[in-house]
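Structure record follows, encoded as structure tokens.
Each value in this text was obtained by applying a stated rule to the coordinates, not by laboratory testing. Small disclaimer: the values here were computed from a predicted structure and weren't measured. Cβ placement follows ideal geometry from the backbone for every residue including glycine, while neighbour counts extend to all protein chains displayed.
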Amino acid sequence: MITPSASTLGAPGVPLDVILAWLQQHRIHGIELRFAPGEIADPGLGTAARNELRRRIQAAGAQVTGIASYVKVAAPGADESVVAELIQAIDFARDLGAPMVRVFPGADTGPAAFTEVPPLVESRAEVDERAAGRLSAVTSYAAGLGVLPVLETHDSHPTGKDVAGILNRVDGPVGVVWDVLHPWRVGEPLDETWNTLQPWLTAGRGCLQIKDADMPASSAPLPIGEGSLPTEEFGQLLVRNEYRGPVTLEWEKAWYPQAAQLDIALDSVRAWLDRHWEKDIN
């Protein structure tokens, strides 16, 4: 089954009850929680507050599809610090009943156009081994808690091929987040991204992010179908390959304050979901 979801990135400063009401209105049953200080999913929340947050979400008929952390597993620095950040996010996911923790690659890169894969400052082998080693250090712990670390196609590793280069080196269960924007913007065809990431996506070890924008003129978010991203082709590909799992609207209002409210974007993603899946939605 497809599980429609939306990230709290799209509703900065909006109370949780309002977000949950919007999700109910649009028959979106999943919520991805942005894991950062000052957010609904604040890392500083104690046990009682985490339990109450989980209770409120479940009472609204929603489920937490993932914790969106900002851990950068390929970044330079001490392994111990990155592993500690990973464990903190994994523990939070366990407490919220979330099956996944999103992480970024985040290696240092040189300058590049938005349409180009950025050059790595260090060798790719060195960067990928570092990221894989950090993920390997937490896979057993995470699996014991029922949580999966998932690496997003993003920043230093925007393509499916880039991300797979890390995941294939990891010792233990990991997964992937396919953000439809990033592989596409650097020229990786949708079919190629799917074929590369399919081993994780069809095994229930990952999720998808849907968005739209008027690229390359602007990366500001637009309702699904109003920009230049291949959202219809993306939906058709997922149906054709019988994808099952979360599909999360990443509405980047936190980065683009001029963007419409999340409920406007939810109208468009609901229509997109209905066009492609109709009844096959959780």
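Based on DSSP, what percent of beta bridges with both residues in the chain are antiparallel, to the nearest 5? Write down the numbers at each step before the final one.
Working: 3 of 35 bridges.
Rounded to the nearest five, the antiparallel share is 10 percent.
When you restrict to C-alpha pairs under 8 Å that are six or more residues apart and normalise by the size of the chain, the relative contact order lands at 21 percent.
The relative contact order of segment 45-152, computed from alpha carbon pairs under 8 Å that lie at least 6 residues apart in sequence, is 32 percent.
Distant-in-sequence amide contacts of residue 63, defined by a placed amide H-H separation under 5 Å and a gap of 5 or more residues or a different chain, comprise 30, 31. Rounded to the nearest 20 debye, the dipole magnitude of the chain is 760 debye, with +1 charges on Lys and Arg beta carbons, -1 on Asp and Glu beta carbons, and the Cα centre as origin.
So, in the chain, how many Lys pairs have Cα atoms under 26 Å apart, if the pair is 8 or more places apart or on different chains?
On the way: 72/161; 72/211; 72/253; 161/211; 211/253; 211/279.
Here the count comes out as 6.
Overall, segment 129-188 carries a charge dipole of about 100 debye about its Cα centre when +1 sits on the Cβ of Lys and Arg and -1 on the Cβ of Asp and Glu, all other atoms neutral. Peptides 131-138, 146-153, 34-41, ordered by how many other C-beta atoms sit within 10 Å of their residues on average, highest first, read 146-153, 131-138, 34-41. Averaging the Cα positions of each part gives two centres, and for segment 181-206 and segment 208-282 these lie 16 Å apart. Among the listed options (1) 47, 44, 35; (2) 55, 39, 37; (3) 46, 41, 40, the one matching Cα extents along the principal axes in Å as calculated from these coordinates is (1). Tell me which of 227, 204, 217 sits at the most positive position along the dipole axis of segment 180-282, charges placed on C-beta atoms (Lys, Arg +1; Asp, Glu -1). Most positive-ward Cα: 204. When both bridge partners sit in segment 132-222, DSSP labels roughly 20% of those beta bridges antiparallel. Summary of packing: across the peptides 89-98, 236-245, the per-residue average of other C-beta atoms within 10 Å ranks them, highest first, as 89-98, 236-245.
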